[in-house]
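Accompanying notes for the structure given below.
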Amino acid sequence: MGKKVKDYYDIEYGYFLAKKIKSVYSEFNDNQFISLIRPTIEQLEFNDRQELLANALKASIPLNYSETIGIFKKILGPELNGSLGMFTEGYWLWPIGKFVELFGGENMKSVHPLVKN
């Protein structure tokens, strides 16, 4: 039986993401990030893992939304051509997308007046 999608987002993924962020933002509190996800990530289902990771990112990066997005942009790498490789090369971006979903709305209202709750 193959690996479930949720299992790509485990503690090893947490270390992987922390290393990527730390490489472009040396003040990233990677120890706090790992300590926030370690106790429960393995017991959670896919959506809850994404939310846990997004919340841990928010708690571990003491910057405002636009500064945090700037950090994420630095770790993105080259744009994928079409949908080929979307999961095999881009799977690791899903928690960043969840971060934008959870915390972007409150910031988008100030950027664009037509965005409503």
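Within the stretch 38-51, the set of residues being of a type in the set (S, T, N, Q) and exposed (fewer than 14 other Cβ atoms within 10 Å of the Cβ) comprises 40, 43, 47.
State all residues of the stretch 1-59 that are part of a loop (DSSP other than H, G, I, E, B) and over 22 Å from residue 76 (Cα atoms); if no residue qualifies, say none. Steps first, answer last, please.
The first filter runs over the stretch 1-59 and keeps only residues part of a loop (DSSP other than H, G, I, E, B), leaving 1-4, 9-10, 25-29, 38-40, 44-45.
Once the filter is applied, which keeps residues that are part of a loop (DSSP other than H, G, I, E, B) and over 22 Å from residue 76 (Cα atoms), the stretch 1-59 yields 1, 2, 3, 4, 38, 39, 40, 44, 45.
Here residue 36 fulfils each of the conditions (1) hydrophobic (A, V, I, L, M, F, W, C); (2) farther than 21 Å from residue 90 by Cα; (3) out of contact with any Leu (no Cβ under 9 Å at 6 or more places or on another chain) apart from (3).
Residues in the stretch 63-74 include at least one that is open to solvent by 40 Å² or more (accessible area, probe 1.4 Å), among the basic types (Lys, Arg), free of Cβ contacts under 8 Å to residues at least 24 places away in the same chain and assigned to a helix (DSSP H, G or I). In the stretch 1-37, the residue that is modelled with the lowest pLDDT out of those that are surrounded by fewer than 13 Cβ atoms within 10 Å (Cβ to Cβ) and among the basic types (Lys, Arg) is 3.
The values are calculated or read from the model by the stated rules, or taken from the named source; none is laboratory data. Just so we're clear, the structure is a prediction, and the values are computed from it rather than from any experiment. Quick reminder, even Gly has a Cβ in these numbers, built from the backbone with ideal geometry, and neighbours come from all protein chains shown. For accessibility, only protein heavy atoms count, side chains too; no ligands or nucleic acids. Shrake-Rupley method; radii C 1.70, N 1.55, O 1.52, S 1.80 Å.
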